[in-house]
1. Output the residues belonging to segment 309-361 that are touching a strand residue (DSSP E or B) at 6+ places or on another chain (Cβ under 9 Å) and charged (D, E, K, R).
2. Of everything in segment 114-130, what is modelled with pLDDT of 95 or more and part of a loop (DSSP other than H, G, I, E, B)? Give them in sequence order.
3. In segment 213-240, what count of residues is obtained for those that are over 20 Å from residue 255 (Cα atoms) and among the charged types (D, E, K, R)?
4. Considering only segment 161-207, give the strands (runs of 3 or more DSSP E) lying wholly within it that have at least 1 residues that are in contact with a Cys (Cβ under 6 Å, 6 or more places away or on another chain).
5. For segment 30-50, which residues satisfy the criterion of being surrounded by 10 or more Cβ atoms within 10 Å (Cβ to Cβ), at pLDDT below 80 and under 27 Å from residue 150 (Cβ atoms)?
6. Kindly evaluate residue 339 against the criterion of being under 18 Å from residue 220 (Cβ atoms) and either under 20 Å from the mean Cα position of the chain (by Cα) or among the polar types (S, T, N, Q) (or both).
7. Select from segment 186-222 the residues that are of a type in the set (Lys, Arg) and over 21 Å from residue 307 (Cα atoms) and list them in ascending order.
8. Do the conditions hold for residue 301, that is, is it within 22 Å of the chain's Cα centre (by Cα), of a type outside the set (Asp, Glu), at pLDDT below 95 and farther than 29 Å from residue 136 by Cα?
Amino acid sequence: MSENSRQLQALITELNKRREEYTREGLPVIQELYKTRGRRQKKPDVFNDSSFLYIRTYDGDLGNRPLPTMNFWNSPDISFMPVTGTTPLTTNELRAGESYLVRCHLHNRGDVTVPYPKVEFWLTDPSLGFDTRFSSYVGVTQMNGLLLANGVGEAQFVYRVPPEESGHKCFFARTFSFSPLDKPHDVYALDPVTDRHIGQKNLNIVAQATAYRFNLIHMANTEEIIQFVPLTTKEIIGLGTPALGKLQFIENRSAAIFYRQEIKLLHPNQNVHVKNEQEGFRISAQGEGPGVREQAKIMQAFTNAIKRIGAGKAKPSEFKELFAEKRKMNDFIQKTSLNMTLPQLELKRDEAMAFHIINTNTTTGIVKGGITLVITGMG
């Protein structure tokens, strides 16, 4: 360590020591001032200043996690603008060789300014559940300025699509800061449900009666269900996607036609099984790692910890062992590629129907991932 670094470290240590002494010695004096004749006023709490970076999952999102059961895969803070070509705005159909301006809004609900917060991006094939180990790293950028307390800013990134990444994709943004320290809970997990630093855009527009390929990211041991849920016209409008404005949407109140289709494994795997049922496609897998009951126990403890941290009742440092246990559990994450032929919905050329593909862990009841699928009469 250089002499300058040693001096800087010594100064930081001294400042932290003075701060601790002030809190210990000054708080009783301040609390004494709040005593009045015949009654007591509420004594002030110790103020712990911090930033609170987040990317919204829905309009009105304040960054509180874990999220309730909801559709979390169409963040209003992530959008795409074609720099070249004629691809419609905010769709996930990326064309090889064309460039897109990726815009990501960042929010800070804390009381400390975040200088130049960073944002990194990942791209994946349509997937239910996500992990950086099964994603393509796009790049990193930063907001050009200070993100003030209770402020909103925007980071931009120009992405030129390579040939191997064209087609329908899912896009992730993850924000972080090292000073002040405000970072995601996990290096690999891309989970907007438990992590306010992560936003997801997962919308695909495809033709009826065509093959649709998607991935399932899951534990080696798991019990899950994949379901199709129709969207109402109001919900479609709520997606806020201009490219959908040219389509005439028809409401469909039943997803039964999907469950008469077949989901196939693209690569045979004797440990993963898919079963058609009236309410969806049951997925089961047996492999190495913790069993489903142990996973449920860890996830319950993890979500409880996130609630306490978000409510200001605990610090992340109090859960180091739990977070390490969850990261160890995630070592057994794997990817299964699935394929199905979308049903013929008798749609005309400019007509469309929209569905959420929802993936739920049946042991915990937690929604792991989702895809918004817009099926058109084209094709």
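1. Initially, segment 309-361 is screened for residues touching a strand residue (DSSP E or B) at 6+ places or on another chain (Cβ under 9 Å), giving 326-327, 329-330, 332-343, 345, 347-361.
Hits for segment 309-361 are 326, 327, 335, 348, 349, 350, 351.
2. 116, 117
3. Number satisfying all stated conditions: 1.
4. Working: elements: 170-178, 198-201, 203-207.
It comes to 170-178.
5. Listed by number, the residues that qualify are 30, 34, 41, 43, 44.
6. Details: under 18 Å from residue 220 (Cβ atoms): no; either under 20 Å from the mean Cα position of the chain (by Cα) or among the polar types (S, T, N, Q) (or both): yes.
Spelling it out, it is not the case that residue 339 is under 18 Å from residue 220 (Cβ atoms) and either under 20 Å from the mean Cα position of the chain (by Cα) or among the polar types (S, T, N, Q) (or both).
7. Filtering segment 186-222 for residues of a type in the set (Lys, Arg) gives 196, 201, 213.
201, 213, listed by residue number.
8. Values: within 22 Å of the chain's Cα centre (by Cα): yes; of a type outside the set (Asp, Glu): yes; at pLDDT below 95: no; farther than 29 Å from residue 136 by Cα: yes.
Taking the combined requirement at face value, the residue does not satisfy it.
The values are calculated or read from the model by the stated rules, or taken from the named source; none is laboratory data. Worth saying up front: this structure is predicted, and the values here are computed from it rather than measured. Counting neighbours? That spans all protein chains shown, and the Cβs are built from the backbone with ideal geometry, glycine included.
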